[in-house]
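First up is the structure itself, then whatever we jot down about it.
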Amino acid sequence: MFCQKKVFLSGNEAVCYASKQIDFHVMGYYPITPSTQIAEGIDELKNNGEVSTVMISAEGEHSAQGICYGASLSGARVINATSANGLLYCLEQLPVQAGTRMPMVLNVATRTVSGPLCIKGDHSDIMFCLNTGWIIMFAKDNQEAYDFNLIGLKVSEKVKVPIIIAYDGFFTSHQKRNMQVFEKKEDVLSYVGKNEPLYTAINVKEPITIGSYMNEADVINNKYQLYNAINLARDVFEDEFENFYKLSGRKHSFINSYFTEDAEVIFISLGSSFDTSKVAVDKMRAKGKKVGCLTLNTLRPFPREEVSKRCKNASVIIIGDRQDSYNSGGSLSNEIKASFFDNKVKGKVISRVYGLGGKDLYVEDVEEFFNLGFSKVKGEKIKEFDYYGIGEEKSFKKEKYFDVIDEVNSSMGYEIEDDGKEVKVKKINIKKALNMPKRVVSGHSACAGCGIPVNLNLFLKGIEGNVVMLFQTGCGMVVTTNYPKTSFNINYVHNLFQNGAATLSGILEGYKERQRRGEIEKGKITFIMVSGDGGMDIGLGSALATAIRNHNMIIFEYDNGGYMNTGYQYSYTTPLGAKSSTSHIGGVERGKEYLPKNSVKLFEATGINYIATVAESNPQDFIVKAKKAQYYADNFGLAYVKAISACPLNWQDEARYERDVIKKAVESCYFPLYEIERGVKRVTYKPKNKIDVSSFLGAMGRTKHLLKEENRDILEKIQFNTDKFWEELNN
């Protein structure tokens, strides 16, 4: 038996600990709650010199999984972690990897799938993976999250099929528990052994083609081989459960059961609910009630015989689903009922959907399930399927919190003069503009000093008339729309990072076509998509395609230089050298490793007629550009406006000084103010005394370290690129 030690870790930390001992070659990732801590933790381990894993932050989960697939094709050991819609976004890649038999480990901290947006834990994401061809394990607690990452890797590499290790988001991912880990990394490596791929894409002496086009005869053979491989995994699991028991003293199997042998009523659930169920079993048994509970450790291969065997003597089996397939029951119930039919289990089955959106399951709830089962035993009429724990349905009552902003009270009397080359905005009265009613009102939950509401309202001072806004996921969305209330007195829509621009283009084209057909009255609406918190990374493809199509809309980006909504992981606009939760300082790392992307240049390449940068330190310039963007959106097509937006929490500066920090970004020309109008660049603000970028970077805790002598080369590179771009703008 290997030497072990006690530790106090969360589920995510347990995965990081296993990853430290395995030292994967590559991790491709994209941050999403509640799995983000895994990438953060492994990056910190790398900074401390405890792993050498290559960390690759993609621009979205689809690409992250593509990175992982590519790395596995090289024969590397690979890990990834995701949740919810991130899992769905990369879902297309999962059958590709299974079909070409490339092993890897994907940890899924399960979470509610949007919409509506909810970041709490249930199983609506993992059930989408049942038909991808991946092996799937489900850990009930932190200990199993650690153990299954070791066992799962070995099984995956033995049968040449990738594996998912799932566990409950927040219930397991964030809650800490006492657990055991192996003391020595060498012992773990001796257990998992070496990865010995059958083939790779980098063996130039034996070139092969991976992912060929196949006809129907070959495809069915390929799927049959995958089916056999997952069947083989059953035998391998049995061996590895035994081997792991000998090394750790922890006996794992396909299921965990508790007092099921003589139980009259059994409750089956997945994950962390099992421990709650055990307490309920103890309480019911103390009252003389024969009850038991059960959970599954693998979903693929599905433990059909094991579950059926434990339930063969029960009169009633209650299955709890933290997910629904809508009109068919939950996926767990459907799989178990099919198993019961095949194995002639005669007990009556009751299914209940519970715990959606992270709703807690209490001991009393499980006792109620058991009592429901005993009512069924007595012959009472009980619904075979239902939802459990829903609130009382109330009739919708629309409350008016504020006056609507329309073309009347938003008219500022701005005048537009277009000479065919340049648009000029006249009659801007800054005092009058600042008194325009706010479209994003008070009551949001943004941090003190947050630049998002400031930038939004300043931008909207230049927009007259009716407005429809779409927000991509991010802080701006989360802090303004806490159901059932909203901070918007205009029409508002939310869609996920990767599809905001496309969604808004659909709204406006539907609006225009319904007008053309005479179905709705003629009118004018300005359509604005708002993005930030890294949203123009994952959403960039959709946004650029929308710009190329040149729809009559505005894309407004508040750039705060990071994935702030998930706890500040670095994004593609984070400054070079900046520290974040995925770009550490000290040890091996020196902050973010590459220069920020210039999204303005990317939009310039689409050929749209108006592009501008704005900053709250220059409010009149800001409002003028907003009005020009509206004019171009009305008459020519898509306009793009980018604002530098403060985030005091993650910039690590003081909220009261944010406008001064923004001003330093502008005065140093790190964030120059300019516009591109009909293909012609025009600087709209030239500092009288241009300052060094060190003034801006030194004002933030996230980049203050760049002023130290050991980081001079990074600071010089930033200054060089800033000066070079400023020179380009002025020539």
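Count, please, the residues in the range 590-599 that happen to be over 22 Å from the mean Cα position of the chain (by Cα) and surrounded by fewer than 19 Cβ atoms within 10 Å (Cβ to Cβ).
Residues in the range 590-599 being over 22 Å from the mean Cα position of the chain (by Cα) and surrounded by fewer than 19 Cβ atoms within 10 Å (Cβ to Cβ): 4 in total.
Exactly one of these conditions fails for residue 201: (1) under 25 Å from residue 100 (Cα atoms); (2) assigned to a strand (DSSP E or B). Give me its number.
(2)
Taking the criterion of being within 30 Å of residue 279 (Cα to Cα), in the same structural domain as residue 136 (by TED's automatic domain parsing) and surrounded by 15 or more Cβ atoms within 10 Å (Cβ to Cβ), would at least one residue in the range 184-200 satisfy it?
No, every residue in the range 184-200 fails to be within 30 Å of residue 279 (Cα to Cα), in the same structural domain as residue 136 (by TED's automatic domain parsing) and surrounded by 15 or more Cβ atoms within 10 Å (Cβ to Cβ).
Tell me whether the range 330-338 contains one or more residues that are over 29 Å from residue 159 (Cα atoms), surrounded by fewer than 23 Cβ atoms within 10 Å (Cβ to Cβ) and free of Cβ contacts under 8 Å to residues at least 40 places away in the same chain.
Within the range 330-338 (the criterion being over 29 Å from residue 159 (Cα atoms), surrounded by fewer than 23 Cβ atoms within 10 Å (Cβ to Cβ) and free of Cβ contacts under 8 Å to residues at least 40 places away in the same chain), the answer is no, since none of the residues qualifies.
Give, as residue ranges, the helices (runs of 4 or more DSSP H) completely inside the range 582-659 that count at least 3 residues that are polar (S, T, N, Q), within 20 Å of residue 415 (Cβ to Cβ) and assigned by TED's automatic domain parsing to the domain that holds residue 680.
The helices (runs of 4 or more DSSP H) meeting that bar are 619-635.
Cβ-Cβ below 7 Å, separation at least six or inter-chain, first residue in the range 519-530 and among the aromatic types (Phe, Trp, Tyr), second surrounded by fewer than 24 Cβ atoms within 10 Å (Cβ to Cβ): which pairs?
From the range 519-530, the pairs are 527/468; 527/507; 527/508.
Could you grab me the full set of residues in the range 297-335 that are part of a loop (DSSP other than H, G, I, E, B) and among the aliphatic types (A, V, I, L, M)?
Residue satisfying the conditions is 314 alone.
Residues of the range 528-541 being surrounded by 24 or more Cβ atoms within 10 Å (Cβ to Cβ) and over 18 Å from residue 565 (Cβ atoms), which ones?
Across the range 528-541, the qualifying residue is only 528.
From the list 345, 363, 377, which residue is crowded, with 19+ Cβ neighbours inside 10 Å and not charged (D, E, K, R)?
Checking each option against the conditions leaves just 345.
I need a count of the residues in the range 691-709 that are over 19 Å from residue 580 (Cα atoms) and without any contact (Cβ under 8 Å) to a residue 12 or more places away in the chain.
The total comes to 1.
Can you tell me which residue within the range 553-581, out of those that are out of contact with any Pro (no Cβ under 7 Å at 6 or more places or on another chain) and part of a strand (DSSP E or B), is surrounded by the fewest Cβ atoms within 10 Å (Cβ to Cβ)?
Looking at the filtered set, the residue picked out is 556.
Kindly provide the set of residues from the range 424-462 that are modelled with pLDDT under 85 and basic (Lys, Arg), ordered by number.
427, 431, 432, 438, 439
Would you be able to say whether some residue in the range 380-389 is free of Cβ contacts under 8 Å to residues at least 12 places away in the same chain and either among the hydroxyl-bearing types (Ser, Thr, Tyr) or assigned by TED's automatic domain parsing to the domain that holds residue 276 (or both)?
yes
For the range 1-43, what are the residues that are in a helix (DSSP H, G or I) and among the aromatic types (Phe, Trp, Tyr)?
Across the range 1-43, the qualifying residue is only 17.
Within the group 182, 128, 170, 148, which residue is touching a Lys or Arg at 6+ places or on another chain (Cβ under 7 Å) and aromatic (Phe, Trp, Tyr)?
Going through 182, 128, 170, 148 in turn, just one is touching a Lys or Arg at 6+ places or on another chain (Cβ under 7 Å) and aromatic (Phe, Trp, Tyr): 170.
Could you tell me whether residue 151 is of a type in the set (A, V, I, L, M, F, W, C) and buried (at least 22 other Cβ atoms within 10 Å of the Cβ)?
yes
Would you mind finding the one in 231, 221, 243 that is surrounded by fewer than 16 Cβ atoms within 10 Å (Cβ to Cβ) and touching a Pro at 6+ places or on another chain (Cβ under 7 Å)?
231
Run residue 277 past the list (1) closer than 28 Å to residue 172 by Cα; (2) small (Gly, Ala, Ser); (3) out of contact with any Phe, Trp or Tyr (no Cβ under 6 Å at 6 or more places or on another chain); (4) not assigned by TED's automatic domain parsing to the domain that holds residue 157 and report the number of the one that doesn't hold.
The single condition residue 277 does not satisfy is (3).
Checking the condition more than 30 Å from residue 214 (Cβ to Cβ) and in the same structural domain as residue 223 (by TED's automatic domain parsing), which residue from 18, 98 passes?
Criteria check complete, one pass: 18.
Residues to consider are 410, 445, 487; find the one that is touching a residue at least 12 places away in the same chain (Cβ under 8 Å), among the polar types (S, T, N, Q) and not assigned by TED's automatic domain parsing to the domain that holds residue 537.
Being touching a residue at least 12 places away in the same chain (Cβ under 8 Å), among the polar types (S, T, N, Q) and not assigned by TED's automatic domain parsing to the domain that holds residue 537 holds for just one of 410, 445, 487, which is 410.
Among (1) under 28 Å from the mean Cα position of the chain (by Cα); (2) surrounded by 24 or more Cβ atoms within 10 Å (Cβ to Cβ), which single condition is residue 615 missing?
That leaves (1) as the condition not met.
Can you find even one residue in the range 27-40 that is surrounded by fewer than 20 Cβ atoms within 10 Å (Cβ to Cβ) and of a type outside the set (Phe, Trp, Tyr)?
No, the range 27-40 contains no residue that is surrounded by fewer than 20 Cβ atoms within 10 Å (Cβ to Cβ) and of a type outside the set (Phe, Trp, Tyr).
Among 685, 670, which is surrounded by 22 or more Cβ atoms within 10 Å (Cβ to Cβ) and part of a loop (DSSP other than H, G, I, E, B)?
Testing whether each residue is surrounded by 22 or more Cβ atoms within 10 Å (Cβ to Cβ) and part of a loop (DSSP other than H, G, I, E, B) leaves just 670.
For the range 478-502, which residues satisfy the criterion of being in a loop (DSSP other than H, G, I, E, B) and farther than 11 Å from residue 531 by Cα?
Hits for the range 478-502 are 479, 480, 481, 482, 483, 484, 485, 486, 487, 489, 490.
Does at least one position in the range 369-381 carry a residue that is under 21 Å from residue 254 (Cβ atoms) and not in a strand (DSSP E or B)?
The answer is no; no qualifying residue exists.
Tell me which residues, restricted to the range 413-436, are touching a residue at least 60 places away in the same chain (Cβ under 8 Å), surrounded by 13 or more Cβ atoms within 10 Å (Cβ to Cβ) and in a loop (DSSP other than H, G, I, E, B).
414, 422, 428
Please find, among 66, 86, 49, the residue that is of a type outside the set (A, V, I, L, M, F, W, C) and either in contact with a strand residue (DSSP E or B) (Cβ under 8 Å, 6 or more places away or on another chain) or outside the structural domain of residue 134 (by TED's automatic domain parsing) (or both).
66
If I filter the range 35-91 down to residues being farther than 21 Å from residue 112 by Cβ and of a type in the set (Asp, Glu), which single residue comes out as modelled with the lowest pLDDT?
Across the range 35-91, the extreme among qualifying residues is 59.
Can you tell me how many residues within the range 24-49 are among the acidic types (Asp, Glu) and over 24 Å from the mean Cα position of the chain (by Cα)?
Total meeting the criteria: 0.
The values are calculated or read from the model by the stated rules, or taken from the named source; none is laboratory data. If you're wondering where the values come from, they're calculated on a predicted model, not measured in any experiment. Note that each Cβ is placed from the backbone with ideal geometry, even for glycine, and that neighbours are counted across all protein chains shown.
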